[in-house]
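What follows is a single structure, written as structure tokens, with notes after it.
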Amino acid sequence: MTATNPVPESADRPRLVLRGVAVLETLLPDAAVVLDGGVVTYAGPSADLAPAPADDVVDLAPGQVMVPGLVDLHCHGAYGVDFSRADAAAIRGAVARLHAAGSTTVMASLVTDEPEVLLRQVALLAGLAEEGLVAGIHLEGPFLSEVRCGAQDPRWLLAPDLELAEALIRAGRGWLRTMTYAPELPGADALVELLAGNGVTPSLGHTACTAEQAHESLGRARQLLAASGQSGARPTVTHLFNGMDPMHHRAPGAVSACLRAAGAGNAAVELIADNTHLDPYLVATMFDLLGAGNIALVTDSMAAAGLADGQYRLGPAEVLVQDGVARLTTTGSIAGGTAAMVDLVRNAVGAGVPLTDAVISAAAVPARVLGRGQGLGSLIPGASADLIVLDEALVPVRVMRRGSWLS
């Protein structure tokens, strides 16, 4: 392979040249990645690059591999901080630690809550997005099915309310990126139209809908996103298999429609590959059937991520974490994840998914969902200088974000 469209380098500062194994379009055993001014200016075969005398050339150790910084579309918190209730200072601290752990781009997710709380937290997170700390906001609710609410508090679930939805969009100041919705609820079609028209990606989930309802809603969402001028945009599916009826041969449910849509490239499905939400064999099966380009690995992490077992909160709910598994203290329902994005990559590879495919689903696909496929999620010229150096066990050795080493 050869690098395309190299970015002009600065003549008055040294560039950083990293050489070694790298995940580019494919796994390249002798690659070079050039970083200059916070962006990638070259990514390709090392043999095609002649470093300048002033360049800072670093050769990776044997067994190490460079991958792009990972992009988490579904993150409710970490390191003791719950995005649904925390203040800006606490969220800044948690997100900084997530960045340093390899999730160099994070979309902040909020669970279903009182409307006043949602409006407050959306406005707060919009400010953090304007700072460049988070990449946007994901609302997981409140327009969800009570039958498949999972860890969502049923007290605050609502049928689609366009007035509230419009208020949430306004509070987000352009940073509300995705919203999970149940298509069988009255008013869901109008909600999808409102979201797509305002640049918000509809994400089907927490639903007890039929296969036909899911099929129709995903198709309509795709058409509306295209009509709104969002080239290449497509709806997503919130944590496929979780929060929806299991697929049965006489009642295929939402899962079957989501698989068909993703298989055709008309939707991207989230998979929580933490070995708790999904069996590893199922994760590998999804990669075989759908292809990495139609899968977004997500953590669905909550405040316990990065910390030990114990008592935590997820929005209005109390959560007990034991053996790394978070469950509501009231119902025992799984209440988010505790893994990091790099853990999901490692788990997927352990299940038999090629490293390149796991990285595509943990970086490139979610970046495209954010509408930033050229600037994030891939080591290509012009992209942000976000990368991770992994060791043989796929454990981060160093993490860079926007050209600065964080760890």
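The values are calculated or read from the model by the stated rules, or taken from the named source; none is laboratory data. The structure presented is a predicted model; accordingly, all values stated were derived computationally and were not measured. Note: ideal-geometry Cβ built from the backbone for every residue, glycine included; neighbour counts use all protein chains shown.
Structural remarks
- Test: residue in the stretch 206-218 that is more than 23 Å from Ala251 (Cα to Cα) and in the same structural domain as Glu270 (by TED's automatic domain parsing): no
- Residue check for Leu194: at negative phi and crowded, with 24+ Cβ neighbours inside 10 Å: no
- Any hit, the stretch 133-141, residues being more than 15 Å from Gly243 (Cβ to Cβ), out of contact with any strand residue (DSSP E or B) (no Cβ under 9 Å at 6 or more places or on another chain) and in a loop (DSSP other than H, G, I, E, B): no
- The listed residue being without any contact (Cβ under 8 Å) to a residue 60 or more places away in the chain, surrounded by 24 or more Cβ atoms within 10 Å (Cβ to Cβ) and in the same structural domain as Leu297 (by TED's automatic domain parsing), out of Ala108, Ala129: Ala108
- Criterion (modelled with pLDDT of 95 or more, more than 30 Å from His239 (Cα to Cα) and hydrophobic (A, V, I, L, M, F, W, C)) met by exactly one of Ala78, Ala61: Ala61
- Filter pass, Gly102 being in a loop (DSSP other than H, G, I, E, B), within 16 Å of the chain's Cα centre (by Cα) and not hydrophobic (A, V, I, L, M, F, W, C): yes
- Residue check for Ala182: within 17 Å of Arg148 (Cβ to Cβ) and in contact (Cβ under 8 Å) with a residue 40 or more places away in the chain: no
- Here Ala385 does not qualify as crowded, with 17+ Cβ neighbours inside 10 Å and not assigned by TED's automatic domain parsing to the domain that holds Gly38.
- Of all residues making up the stretch 381-396, the number that are among the acidic types (Asp, Glu) and more than 18 Å from the chain's Cα centre (by Cα): 2
- Only residues that are assigned to a helix (DSSP H, G or I) and over 30 Å from Glu131 (Cα atoms) were counted across the stretch 172-200, and they come to 3.
Residue-wise test of (1) closer than 27 Å to Val395 by Cα; (2) of a type outside the set (A, V, I, L, M, F, W, C); (3) in a loop (DSSP other than H, G, I, E, B).
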position	(1), (2), (3)
Ser84	no, yes, yes
Ala96	yes, no, no
Val147	no, no, yes
Gln152	no, yes, yes
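- Within the set Leu157, Leu162, the sole residue that is touching a residue at least 40 places away in the same chain (Cβ under 8 Å) and surrounded by fewer than 20 Cβ atoms within 10 Å (Cβ to Cβ) turns out to be Leu157.
- Going through (1) touching a helix residue (DSSP H, G or I) at 6+ places or on another chain (Cβ under 6 Å); (2) farther than 20 Å from Arg368 by Cβ one by one, Val237 falls short only on (2).
- Matching residues in the stretch 79-90 - criterion: being surrounded by 23 or more Cβ atoms within 10 Å (Cβ to Cβ) and touching a strand residue (DSSP E or B) at 6+ places or on another chain (Cβ under 9 Å): Asp82, Phe83, Ser84
- Within the stretch 319-367, tally of residues that are over 27 Å from Asn294 (Cα atoms) and either buried (at least 24 other Cβ atoms within 10 Å of the Cβ) or in contact with a Cys (Cβ under 8 Å, 6 or more places away or on another chain) (or both): 2
- Answer from Leu328, Leu344, Leu370, Leu355 - the residue that is of a type in the set (A, V, I, L, M) and over 24 Å from Ala43 (Cβ atoms): Leu328
- Residues of the stretch 59-77 that are outside any loop (DSSP other than H, G, I, E, B) and within 23 Å of Ile295 (Cα to Cα): Val65, Met66, Val67, Pro68, Val71, Asp72, Leu73, His74, Cys75, Gly77.
Table: residues versus (1) more than 15 Å from the chain's Cα centre (by Cα); (2) at pLDDT below 95; (3) over 23 Å from Ala363 (Cβ atoms).
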site	(1), (2), (3)
Ala208	yes, no, yes
Arg234	no, no, no
Phe241	yes, no, no
Asp245	yes, no, yes
Gly253	yes, no, yes
Ala257	yes, no, yes
Arg260	yes, no, yes
Val269	no, no, no
Asn275	yes, no, no
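- Filter result for Gly371 (assigned to a loop (DSSP other than H, G, I, E, B) and at pLDDT 95 or above): no
- Residue in the stretch 93-102 that is over 25 Å from Val319 (Cα atoms) and surrounded by 20 or more Cβ atoms within 10 Å (Cβ to Cβ) present: yes
Residue-by-condition table, conditions (1) crowded, with 23+ Cβ neighbours inside 10 Å; (2) touching a residue at least 12 places away in the same chain (Cβ under 8 Å); (3) assigned by TED's automatic domain parsing to the domain that holds Thr210; (4) under 25 Å from the mean Cα position of the chain (by Cα):
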site: Asp153; (1), (2), (3), (4): no, yes, yes, yes
site: Arg170; (1), (2), (3), (4): no, no, yes, yes
site: Thr178; (1), (2), (3), (4): yes, yes, yes, yes
site: Gly187; (1), (2), (3), (4): no, yes, yes, no
